[in-house]
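Shown next, in structure tokens, is the structure this report addresses.
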Amino acid sequence: NADFDGDEMNMHVPQSFETRAEVLELMMVPKCIVSPQANRPVMGIVQDTLLGCRKITKRDTFIEKDVFMNILMWWEDFDGKIPAPAILKPKPLWTGKQVFNLIIPKQINLLRTSAWHAESETGPITPGDTHVRIEKGEVITGTLCKKTLGTSTGSLIHVIWEEVGPDAARKFLGHTQRLVNYWLLQSGFSIGIGDTIADAATMEKINETISKAKNEVKDLIRAAQDKQLEAEPGRTMMESFENRVNQVLNKARDDAGSSAQKSLAESNNLKAMVTAGSKGSFINISQMTACVGQQNVEGKRIPYGFIDRTLPHFTKDDYGPESRGFVENSYLRGLTPQEFFFHAMGGREGLIDTAVKTSETGYIQRRLVKAMEDIMVKYDGTVRNSLGDVIQFLYGEDGMDAVWIETQRLDSLKMKKSEFDKKFRYEIDDGNWNPSYMLAEHVEDLKTIREFRNVFDAEVQKLEADRLQLGTEIATTGDNNWPMPVNLGRLIWNAQKTFKIDLRRPSDMHPMEIVEAVDKLQERLKVVPGDDLLSMEAQKNATTFFNILLRSTFASKRVLSEYKLTREAFEWVIGEIESRFLQSLVAPG
């Protein structure tokens, strides 16, 4: 955060091999794209590029030959081959999604939704084009926005960094900015006062909403004066009254705002920025177009500064919305003098808060750094300070480096018994059982060999025990999304794409192979080596959660019926899990 009032900077020239390695491996910007602070990227696409990405990937965006040629000139890896246009006649046109197909690495598979995705829209293709589907580096459907290109866990940048590497992520960020910004420059974008104006019918509706709210407040005042208002639990009569008034006025602001937002056309430039996630929010639109709303100081309505009134221009003991800082005008219409004054009071508090917090957080940060600067992970896996005192016996109690952790879903946790059985249990006792996902000789084995049956019964019992342990000990909040190393779902999808798995054909694997491979894999995933009691206990604590996820994801029936993995693909996945798990362990130093 440099300014030019006498700031100095120093240039360091690393000379020893160790220092040069530190700069290249620890300080280089691409290596710091994903941060261990919240296991997500800290760099993403922002501002005009993000806006351009939203506009260029819309269904109705087509690019003419001359512009597309120039876009190719901005692409580093251009080899002289021009991708085929999406439309050939009457003239060649390329879609905006094709621009992204050039720059997304070919091994990337991703499923996301756009920020404005409605839960009611299901299926792979939605009316609003809100299902982002990328297969083998190709954008098949979906409009890209902040949710896909921003700094959230599992965003496109995160996936590229994890799957292909830091350099590919750096290259993707650079390419996106060059190509999309060039297109946006040709296509144009501007915003004006016109974008904040709602139509007459909407304005009428907004005025109705606000006058209705003012009447409700009048009724509340009357009820309070007639002692008809009941005090809420834990609040005095006055606090209850203020709380009710606040609820009414805030609801009025939000309702007016949503009416305004709904009235804005798809072509509205303000809406374009909000939906892309590049600038602005729902509340900004509603304040510009509909109603600025209640002004607060210290979390309450504007207090009485004079005797029993806020300003000399009001009568005493006026509890109505206007005298206590409710601004019913929008920024477009402009504020009255008293509204402006109350708004300045609310704004002033925000400025003071910001100034105070900046200096406080800076000092807190400095004290934390000074207190913890000598703490590091040692080569025995413990966390110690410079005196060798143990802070933690295992870093984070699971030994994982947060950079390699992603949010994953525990499928079995929220399943009904019937769903659970359908997903994990073989219907061996059913005489007519002849599943299409297994080879006939394997089905025969399961029906005739008693030992095999025992193995699969034990597998399902273990899964049921896992589910019980999740619900009662581990994931007691009922949430089934948890941060874990090695993204298994994406690994399976990558395997299906790499090995060209045909989901209509049965797998060539015997279910026994799957159970044995998963059991052996769990033994190989070591966080704490050693076979003494303490080491074994620590190893169990560190890997229990991940093993539960592993067992439920690679239950033999799921591998055969859902993923249809061939033997070759399955062996690759198992090997990949082991190497990625070891990569996820925290590095000493």
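Restricting to DSSP loop positions (anything but H, G, I, E, B) with no more than 16 other Cβ atoms inside 10 Å of their own Cβ, which GluC sites (Glu not before Pro) remain in the range 424-463?
Glu427
Hey, what number do you get for the chain at 222 nm if only DSSP H runs of n ≥ 4 count, each worth -39500 (n - 2.57), divided across all residues, to the nearest 500?
Mean residue ellipticity, 222 nm, calculated: -15000 deg cm²/dmol.
How much net charge surrounds Thr95 when only other residues with a Cβ under 11 Å from its Cβ are counted (Lys, Arg +1; Asp, Glu -1)?
For residues surrounding Thr95, the net value is +2.
Sort Arg490, Arg324 by Cβ crowding within 10 Å, fewest neighbours at the top. Write out the running numbers ahead of the final one.
Numbers: Arg490 19, Arg324 24.
Fewest-to-most Cβ neighbours within 10 Å comes out as Arg490, Arg324.
Using only the Cα atoms of the range 34-187, build the gyration tensor, take square roots of its eigenvalues as a ≥ b ≥ c, and label the shape rounded, prolate or oblate: rounded if a/c is under 1.5, else prolate if a/b is larger than b/c, else oblate.
oblate
Using Cβ counts within 10 Å as a stand-in for footprinting exposure, how do Ser412, Ser211 rank, fewest first?
Going from least to most buried by this count: Ser211, Ser412.
How would you rank 311-318, 336-343, highest first, on the average number of other Cβ atoms within 10 Å across their residues?
336-343, 311-318
Aspartates and glutamates within cross-link reach of Lys526: Cα-Cα under 18 Å, excluding same-chain residues under 8 positions apart?
Asp380, Glu397, Asp398, Asp401, Glu516, Glu537, Glu576, Glu578
Rounded to the nearest 20 debye, what is the charge dipole size of the chain about its Cα centre when +1 sits on each Lys and Arg Cβ and -1 on each Asp and Glu Cβ? Write down the numbers at each step before the final one.
Values: 74 positive and 84 negative charges, 341 e Å.
It works out to roughly 1640 debye.
How about Lys271: which lysines have a C-alpha closer than 22 Å to its C-alpha, ignoring those fewer than 8 places off in the same chain?
Lys55, Lys58, Lys97, Lys146, Lys147, Lys205, Lys251, Lys262, Lys279
Counting other beta carbons within 10 Å of each residue's own, what order do Ile160, Ile63, Ile391 fall into, fewest first?
Going from least to most buried by this count: Ile391, Ile63, Ile160.
What's the angle, to the nearest 10 degrees (0 to 90), between helix 533-553's Cα axis and the longest principal axis of the chain?
Orientation of helix 533-553: about 80 degrees from the principal axis.
What does the convex hull of the alpha-carbon atoms of the chain project to on average, in nm²?
For the chain, the mean projected area of the Cα convex hull comes to 40.2 nm².
Along the charge dipole of the range 34-187, which of Thr95, Leu149, Gln47 sits closest to the positive end, that is, farthest toward it, with unit charges on the beta carbon of Lys, Arg, Asp and Glu (+1, +1, -1, -1)?
Thr95
Please report the projected area of the range 203-323's Cα convex hull averaged over all directions, in nm². Mind dumping the intermediate values first?
Details: hull surface 38.2 nm².
With every direction weighted equally, the projected area is 9.5 nm².
Coordinate-derived values only; no laboratory data. What you see is a predicted model; the values in this text were computed from it and never measured. No Cβ is skipped: glycine too gets one built from the backbone with ideal geometry, and neighbour counts run over all protein chains shown.
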